[in-house]
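In what follows, a single structure is set out as structure tokens and then discussed.
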Amino acid sequence: MEGHEVSVWCVSDGRTGIERQTLAIAHALSERVPTRIKLLRLQPTGFQVSLPPSLWLMPKAALPIEQAARLQAPWPDVWIANGRRSIPYSMRMRKWSAGQSLVVQLQDPRISPKRFDLVAPPQHDGVRGDNVITTLGAPVWYTQKQIDTALAQISEPRHLGKRKVMVILGGTSKRHQLSLARAHAIVAELQRLAHQDVHLMITTSRRTPKPAEDLFRAFAFTSGADFFANEARDGPNPYLAWLAQAEAALVTEDSTNMMTDVAFFGIPMHLIKLEGGDAKFDRLHAAFIERGAARWFNGSLTPWSYEPIRDAMAIAEAIQARLITP
């Protein structure tokens, strides 16, 4: 396909984190070959949703009319899908396209990888196969243009000479909890850092409980740290610009996406304990630590370095290799 513009469909149910992973692969691929990217959001409903993917006899009928209308030829060269409800459509894409579409499924589909051309799950899920390429966490990709644009949108650097440390706070989920008591303990650790030659850039997430968010906001105000929780109150989101500037990062242990964002930039990552946890996250943390990307936060910010982890490009390279016909 040399010289050909590769059409790529990024398929999900529209959830930001799920869709973002498909776009990461597409943008990484665009660094290697000319691409034309289309977002396809499929949100099936009805009785089939409760069935195993192989038992969906009429997958298009489960879609709203306008979504079903978009699911037709001309089919893409590359179909990159993510999320459980995309699987019945991914399974049928090779048939619909008469084998012309390369079907890539992200995360663990929980069915045989042989049903797809390429499967890209996190390595801690334990999926293996000839057409499986594992990632350390969630695939992420930022183009240089995105980074430059983000940096241009923030104010002139402050606190020159101080070490810039990003603090990325998750919150309460099925596996982890950020109690107010734990939030107070984290603030105490940040207070000690703020008294050193460090400038903190603190951001919360949608999962951060409001009392904890208020606590971190108050701490940022009194300590001179930067703080962002939402655009309505805090203005444009500086997340990417802060990542591009950070010399170290403190990250709560509860989010794969937050960890892989930090690792994309090769930033020394200090993991912050929350309450709760499970074996899958234990394996994820161990994998980042083994790669030299992370350490558990012990109160100090001893620097180290490692190669940025950019698994999205590894997947893009595998896709490109499969697109090249002998």
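General remarks:
- HN-Hα J in Hz across segment 19-32 - Karplus 6.51, -1.76, 1.60, θ = phi - 60°, x for Gly and Pro: 5, 4, 5, 5, 5, 4, 5, 4, 5, 5, 4, 5, 6, 10
- Normalised per residue, the accessible area of segment 19-166 is 50 Å², obtained with a 1.4 Å probe and no contribution from ligands, DNA or RNA.
- Of all DSSP beta bridges in the chain, antiparallel share, percent nearest 5: 5
- Ordering ASN237, HIS159, LEU55 by Cα displacement along the dipole of the chain toward the positive end leaves LEU55 in first place; charges were set at the Cβ atoms of Lys, Arg (+1) and Asp, Glu (-1).
- Dipole axis of the chain (+1 Lys, Arg; -1 Asp, Glu on Cβ), positive-most option in PRO76, HIS124, GLN177: PRO76
- Amide H contacts of LEU102 (H built 1.01 Å from N, under 5 Å, at least 5 apart or other chain): VAL78, TRP79
- Distance between segment 95-162 and segment 287-324 - C-alpha centres, whole angstrom: 12
- Estimated vicinal HN-Hα couplings, Hz - segment 89-99 in sequence order (Karplus 6.51, -1.76, 1.60; Gly, Pro = x): 7, 4, 4, 9, 5, 4, 6, 4, 8, 6, x
- Using the Cβ-Cβ distance between ASP13 and ARG295 with R0 = 30 Å, the FRET efficiency computed as 1/(1 + (r/R0)^6) comes to roughly 0.30.
- The chain, accessible surface, carbon-and-sulfur percent (1.4 angstrom probe): 52
- If the segment from LYS273 to GLN196 were pulled out straight at 0.36 nm per residue, it would be longer than the present Cα-Cα gap by 25.5 nm.
- Basic side chains Lys and Arg get +1 at the Cβ, acidic Asp and Glu get -1 at the Cβ, and with that the dipole of segment 258-326 about its Cα centre reaches some 60 debye.
- Amide proton proximity set for ARG36, modelled H, under 5 Å, gap of 5+: VAL6, SER7, VAL8
- When the chain is treated as a Gaussian network with alpha carbon springs shorter than 10 Å, the biggest mean-square fluctuation among ALA150, ALA120, ALA73 belongs to ALA73.
- Rounded to 10°, Cα long-axis angle of helix 180-194 versus longest principal axis of the chain: 60
- The chain: angle of helix 210-223 to the longest principal axis, Cα-based, in degrees nearest 10: 50
- For segment 108-215, the orientation-averaged shadow of the C-alpha convex hull comes to 10.6 nm² (one quarter of the hull surface).
- Dividing the mean sequence gap of close Cα pairs (under 8 Å, 6+ apart) by how many residues the chain holds gives a relative contact order of 17 percent.
- With helices as the sole contributors, the chain gives -10500 deg cm²/dmol at 222 nm; each DSSP H run of n ≥ 4 counts as -39500 (n - 2.57), and the sum is divided by every residue.
- The magnitude of the dipole of segment 6-48, with charges of +1 and -1 set on the Cβ of Lys/Arg and Asp/Glu and taken from the Cα centre, is near 80 debye.
- Listed pairs LYS174/LYS280; LYS162/LYS273; LYS162/LYS210; LYS38/LYS60; LYS38/LYS114; LYS114/LYS174 exceeding 22 Å between Cα atoms: LYS162/LYS273; LYS162/LYS210; LYS38/LYS114; LYS114/LYS174
- Whole-number percent relative contact order across segment 56-122, with pairs defined as alpha carbons under 8 Å at least 6 apart: 27
- Pairwise label distance in nanometres, ALA69 with ARG110, each label 7 Å out on the Cα-Cβ vector: 3.3
- For the chain, built as a Gaussian network whose Cα springs stay under 10 Å, the top-fluctuating residue of ARG115, ARG84, ARG70: ARG70
- Potential lengthening between THR302 and ASP148 on full extension [0.36 nm per residue; Cα-Cα distance subtracted]: 52.6 nm
The values are calculated or read from the model by the stated rules, or taken from the named source; none is laboratory data. For clarity, every value in this text was computed on a predicted model and none was experimentally measured. All Cβ positions, glycine included, derive from the backbone under ideal geometry; neighbour counts span all protein chains shown. The protein model used for the area step is the full one, side chains on, heavy atoms only, and it has no ligands, DNA or RNA in it. Shrake-Rupley method; radii C 1.70, N 1.55, O 1.52, S 1.80 Å.
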